[in-house]
Amino acid sequence: MRRPVLLALGYWALIAAGKPPGAVDPGGGAVPIPPANADDVTADVAAWIAPANAADQSSPDPVARGRYLAITGDCEACHTTPGGARFAGARPIRTPFGIIYSANMTPDQKTGIGTWTDDEFYRAMHKGIGHGGKNLYPAFPYPYFTHMTRADIDAIRAYLATVPAVDQPKPPNQLPFPFNIRFLLKLWNALFFQAGEFRPDPAKSAVWNRGAYLVWGPGHCGGCHTPKNFLAADRNSRALQGGRLDNWVAVNLTGDPQQGLASWGEADIVEYLRSGRNARASASGSMQEVIYYSTSRMSDADLAAIATYLKDLPPGAPKSGRKAPSAAAMRAGEAIFTDVCSACHQANGEGVARIFPPLAGDASVQAKDPTTLVRIILEGTRSVSTPVRPTPTAMPAFGWKLDDEAIASVATFVRNSWGNSAPPVSARKVAKLRRQTRSAAAPHS
């Protein structure tokens, strides 16, 4: 096993030393967390406090409890621009309908929530109605925060009142007509939203109920992991069965044997949420932010509760038949895989645990929508740095080296080898994603 690892490390060094002009930097992260080679990232990770104790969630000090709840809600990720002041907002959130900018959550009197009352803050979290009675866009996940208790919401409010006030105006949203008409949100709420706190299931354990509360309340996991309808509302009949967001696919969190977490144990889930990787997978895309700002800083008890709840989720309905890949695509894909992928991921697709993720049996690889796999091949990826795993691993980009047909072939091969089974990938799909990611990376006015 040493030889493939050394070969892979040497290969990375060659690419990093001299990439072709215009090529994407190898292993460049796709989400705006501090880059792994930044001077301050090691200090940042080293300075993190130990994961919070379970007692923090019931602390009599509302500020301490609110700080922890803001972590469980991943508030900083959306309400902080890269390099900006914490919770000052103004971060662009891409949606299928345009760009929405996050709000300033600091206690600034002019541009933040300094003049809000506790009741107004609760109303925003519980009903999606902001200051002055305006309806909030559900890009702010109030359909999930409504499940939180009043005490927990008040605690978050108490904590936010202690962060430094920042004068940071919120840019106007970039939404075309008619999506810029907030009155339509009343209709959206009438169709798809029902306010109400979480109700524990008396037939389940306290740990299970805590996990369910975190998943469906502050954690708002379904915001990414539940597929959406044409109006961006959750398809509740397929809750947590995987969804697409901002040109990434959030994996199926149910017990689906191919596309879900059936092969993961509770310890695997806890390790992944704590460190960003385990023996079966490494976080990519938006999930890296969730781990960096949220789950890596949560208590062991809460991560275990989430794992307990997720492992109790049954798989969805069996999938219908799929189109088999062509023999030509499989042969071409195998040749490319052997040439450029097998040194790290091994000829049998098993990778090297916690260094090079296995492709055999991987849920993202076998997802019906191949977007995440194709995007990683195009752009490369780098694992998120956490206190448990502070040194990131990386995969170089191949979009500069492989054309659309080649990427489609190798993706198809990976999705249908070593026991994997998934629909083939077309060159048209690769070309479309290549255009979309280039467009999303372009500066927005």
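Out of contact with any Gly (no Cβ under 7 Å at 6 or more places or on another chain), hydrophobic (A, V, I, L, M, F, W, C), in contact (Cβ under 8 Å) with a residue 24 or more places away in the chain and not in a helix (DSSP H, G or I) - does that describe any residue in the stretch 283-295? So far as the stretch 283-295 goes, no, none of its residues is out of contact with any Gly (no Cβ under 7 Å at 6 or more places or on another chain), hydrophobic (A, V, I, L, M, F, W, C), in contact (Cβ under 8 Å) with a residue 24 or more places away in the chain and not in a helix (DSSP H, G or I). For the stretch 200-216, filtering for residues that are crowded, with 23+ Cβ neighbours inside 10 Å and over 19 Å from the mean Cα position of the chain (by Cα) leaves 0.
Taking the stretch 123-153 as the range and being buried (at least 18 other Cβ atoms within 10 Å of the Cβ) and part of a helix (DSSP H, G or I) as the test, the residues that pass are ARG123, ALA124, MET125, HIS126, TYR142, PRO143, TYR144, PHE145, ASP152, ILE153. I want to confirm something. Restricting to the stretch 219-237 and keeping residues that are within 14 Å of PRO138 (Cβ to Cβ), in contact with a Leu (Cβ under 9 Å, 6 or more places away or on another chain) and of a type outside the set (S, T, N, Q), which single residue is surrounded by the fewest Cβ atoms within 10 Å (Cβ to Cβ)? By that ranking, first place goes to LEU231. Comparison of TRP216, TRP188 shows that the only residue that is in contact with a strand residue (DSSP E or B) (Cβ under 9 Å, 6 or more places away or on another chain) and either in the same structural domain as PRO138 (by TED's automatic domain parsing) or closer than 21 Å to SER294 by Cβ (or both) is TRP188. Under the condition of being under 20 Å from GLY73 (Cα atoms), in contact with a Ser or Thr (Cβ under 8 Å, 6 or more places away or on another chain) and in a loop (DSSP other than H, G, I, E, B), the residues counted in the stretch 195-234 number 6.
With respect to being modelled with pLDDT under 95, touching a helix residue (DSSP H, G or I) at 6+ places or on another chain (Cβ under 8 Å), farther than 30 Å from LYS319 by Cα and of a type in the set (A, V, I, L, M), ALA394 fits the description. For the stretch 248-269, the set of residues classified as buried (at least 19 other Cβ atoms within 10 Å of the Cβ) and part of a loop (DSSP other than H, G, I, E, B) consists of VAL251, ASN252, LEU253, THR254, ASP256, GLN258, GLN259, GLY260, LEU261, TRP264, listed by residue number.
Checking each residue in the stretch 304-332 for being small (Gly, Ala, Ser) and without any contact (Cβ under 8 Å) to a residue 24 or more places away in the chain picks out ALA317, SER320, GLY321, ALA327, ALA328. The single condition among (1) modelled with pLDDT under 95; (2) among the small types (Gly, Ala, Ser); (3) within 15 Å of the chain's Cα centre (by Cα) that GLY219 does not meet is (1). Would you say ALA165 is of a type outside the set (Phe, Trp, Tyr) and not in a loop (DSSP other than H, G, I, E, B)? Against the criterion (of a type outside the set (Phe, Trp, Tyr) and not in a loop (DSSP other than H, G, I, E, B)), ALA165 does not qualify.
Where helices (runs of 4 or more DSSP H) fall wholly inside the stretch 296-386, the ranges with 2 or more residues that are in the same structural domain as PHE398 (by TED's automatic domain parsing) and on the phi < 0 side of the Ramachandran plot are 327-340, 342-345, 371-379.
In this structure, ALA103 does not satisfy being at pLDDT below 95, farther than 21 Å from ALA195 by Cα and hydrophobic (A, V, I, L, M, F, W, C).
Looking across the stretch 94-116, the residues that are under 26 Å from the mean Cα position of the chain (by Cα) and surrounded by fewer than 20 Cβ atoms within 10 Å (Cβ to Cβ) come down to ARG94, THR95, PRO96, PHE97, GLY98, ILE99, TYR101.
Count of the stretch 73-111 residues, restricted to those that are part of a loop (DSSP other than H, G, I, E, B), at negative phi and out of contact with any helix residue (DSSP H, G or I) (no Cβ under 9 Å at 6 or more places or on another chain), is 10.
ASP119 meets each of the listed conditions (1) crowded, with 17+ Cβ neighbours inside 10 Å; (2) not hydrophobic (A, V, I, L, M, F, W, C); (3) not in a loop (DSSP other than H, G, I, E, B) apart from (1).
The values are calculated or read from the model by the stated rules, or taken from the named source; none is laboratory data. Fair warning: this is a prediction, and the values are worked out from it, not measured in the lab. Cβ coordinates were reconstructed from backbone atoms using ideal geometry, including for glycine residues, and neighbour counts include every protein chain displayed.
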